[in-house]
Amino acid sequence: MMQTAAYLTAAGVFAIGLYGMLTQRDMIKICISISIMDSSFVMALVAAAYVPGGAAPIAGFEALRFVDPLPHALALTAIVIGAGILAIALALTVAVYRHYGTTDIARLFIATREDS
Amino acid sequence: MESPVIRVFLTRLTAGFLCLLLSLGFVVLLLDAGRHRAQTIPTQMEEPYTARSVAETGSINVVTAILMDYRAFDTLGEATVIFASVAVAAAILGKPGSPSNRTMGLLSRRQLSALLPLFFIFPLFVIFHGHLSPGGGFQGGVSLAVLVILIHVAFGDRFGEEVIPHRILALSEYGAAIGLVGIGFVGIFQGSAYLANVAAGFPRGTAGTLASGGVIPLLNLLVGMKVAAGLSSIYVHLAGHEAENVPEKRR
Amino acid sequence: MALDIAFYLILAAILVSAFAAIHVRGHLNAVIILSVFSVLTTVKFTFLQAVDVAMAEAVIGAGLMTALFVTAISKTRKRTWRAR
């Protein structure tokens, strides 16, 4: 039950992030949407690792069942790579602002059309 | 030719429909995978790692054992991604220009200069106890990067550049990358796989002590160093410019 | 049982804060709500027994991402105040 709710939340967060990425016009807001979408995949991985009644994957605990540690390792890598993606997206945003003086996508189209 | 309001509305409707469809697919896929997993023997998938890892690697924290031993090659690839993102950010943004001298207020600075050494306890604990408690190279390295950013923000970029020069950050990142690759080759020379741990003759130690887990603490340290240097040098590149040379006609 | 209810409340708060982070007006408000979203995600991961992931999410989502976003926002905004 908890696992199903966690899956549904991950899907909802994914939908919210994708909708924001498709409809927002500002590049900073698009970066925020990207990081929210990235977070939804981490949520899905952690929800997939959950075992009802399982303990955290530290071998010192005396427990009958542990949650699956493998998706946790994948999720850690995904989080750090998400930070790298975000850094590149923000660097692109700053570079675009430095060149065109705006971060609004619609104005950016007009500015690039003027250039060509 | 419809009016712009209707066009925006139609665009949002299409986007919302697409998002709902995709997330529905997401849910169906995940629930199907979960049901498939529940039909197999329930604890079959997680038992091997949690049961084997202490005996095989000497690391109490199973996630660190997977990251640094069983799948250390993935960690190397992940470190490469950080390296690439630093390189791309540097290529996009160019060399950091003249650092600004904007600082926080006097009270914050006095307080931070007393408290800052204490803040370093947490990342170092997380890195060095990565195989004993939750945490590891990534978490400790990112907290170190956040502390470097704090120094830059609180005391000004010029002071931060004096205390932790950009050259030192770059050199420690290269050093950690070379160290990671070099430790991997030890496994090959010992007649085992690349980045092998106990199989390559590293001492396992008694599980639960600080000097256990073979090469895992060393890899944690190197990964932490690399992540800290990489992410804080991304910040240095991002903050190293003033937004003053914007073309005038576009403002 | 109380823990279950807290878990579902946190899931609802995650959805609300994700929506608010994208649709709120103003960049800085959005970034602060994004860091609230990360902290709520951390609590959720702790409920699901993923301690390592929770720690990474706390450090990266609430610490590093906020710093990078605020830096980028201050670089993509017309200068209204000068350095002291």
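Before moving on, here are some points about what is shown:
- Residue match in region B:157-167 (condition: at pLDDT below 80, assigned to a helix (DSSP H, G or I) and surrounded by fewer than 18 Cβ atoms within 10 Å (Cβ to Cβ)): no
- Residue under evaluation C:ALA18, criteria (1) more than 7 Å from chain A (Cβ to nearest Cβ); (2) closer than 17 Å to A:GLY82 by Cα, criterion not met: (1)
- Evaluation of C:GLN49 against (1) within 7 Å of chain A (Cβ to nearest Cβ); (2) over 22 Å from A:ASP104 (Cβ atoms); (3) modelled with pLDDT of 90 or more (one fails), failing number: (3)
- Here the condition is being in contact with a strand residue (DSSP E or B) (Cβ under 7 Å, 6 or more places away or on another chain), more than 20 Å from B:ASP74 (Cβ to Cβ) and facing another protein chain (nearest Cβ under 7 Å); of A:ALA95, A:ALA55, it holds for A:ALA55 alone.
- Checking A:ALA106, A:ALA15, A:ALA63 one by one, the residue that is under 19 Å from B:ARG12 (Cα atoms) and more than 7 Å from every other protein chain (Cβ to nearest Cβ) is A:ALA106 and no other.
- Any hit, region B:99-115, residues being within 20 Å of B:ALA170 (Cα to Cα) and crowded, with 17+ Cβ neighbours inside 10 Å: yes
- Check on B:PHE119, among the aromatic types (Phe, Trp, Tyr) and either away from chain C (no Cβ under 13 Å) or out of contact with any helix residue (DSSP H, G or I) (no Cβ under 7 Å at 6 or more places or on another chain) (or both): no
- Flag if B:VAL236 is within 29 Å of A:THR103 (Cα to Cα), free of Cβ contacts under 8 Å to residues at least 12 places away in the same chain and within 12 Å of another protein chain (Cβ to nearest Cβ): no
- Here B:LEU171 fulfils each of the conditions (1) part of a loop (DSSP other than H, G, I, E, B); (2) loosely packed, with under 15 Cβ neighbours inside 10 Å apart from (1).
- Scanning region B:217-227 for residues that are away from chain A (no Cβ under 12 Å), among the hydrophobic types (A, V, I, L, M, F, W, C) and open to solvent by less than 10 Å² (accessible area, probe 1.4 Å) turns up just one, B:LEU219.
- Flag for A:THR93 being in a helix (DSSP H, G or I), open to solvent by less than 20 Å² (accessible area, probe 1.4 Å), of a type in the set (Val, Ile, Thr) and at pLDDT 85 or above: yes
- Residue in region B:55-68 that is farthest from B:LEU231 (Cα to Cα), counting only those that are modelled with pLDDT under 85 and assigned to a helix (DSSP H, G or I): B:ALA55
- C:ILE5 vs. criteria crowded, with 16+ Cβ neighbours inside 10 Å and either in a helix (DSSP H, G or I) or of a type in the set (Gly, Ala, Ser) (or both): no
- Within the option set B:GLY187, B:GLY214, B:GLY201, being in contact with a Ser or Thr (Cβ under 9 Å, 6 or more places away or on another chain) and buried (at least 19 other Cβ atoms within 10 Å of the Cβ) holds for one residue only, B:GLY214.
- Positions within region A:38-62 being assigned to a helix (DSSP H, G or I) and open to solvent by less than 20 Å² (accessible area, probe 1.4 Å), in sequence order: A:SER39, A:SER40, A:VAL42, A:MET43, A:ALA44, A:VAL46, A:ALA47, A:ALA49
- Considering only residues in region A:20-32 that are at the interface with chain C (Cβ under 8 Å from one of its Cβ atoms) and without any contact (Cβ under 8 Å) to a residue 24 or more places away in the chain, the one that is surrounded by the most Cβ atoms within 10 Å (Cβ to Cβ) turns out to be A:ILE32.
- Test for A:SER35: is it over 15 Å from C:ALA30 (Cβ atoms), crowded, with 23+ Cβ neighbours inside 10 Å and hydroxyl-bearing (Ser, Thr, Tyr): no
The values are calculated or read from the model by the stated rules, or taken from the named source; none is laboratory data. Everything quoted here is computed from the prediction, not taken from an experiment. Heads up, the Cβs are rebuilt from the backbone with ideal geometry, glycines too, and the neighbour counts pull from every protein chain shown. Just the protein is used for accessible areas: all its heavy atoms, side chains included, with ligands, DNA and RNA removed. Shrake-Rupley method; radii C 1.70, N 1.55, O 1.52, S 1.80 Å.
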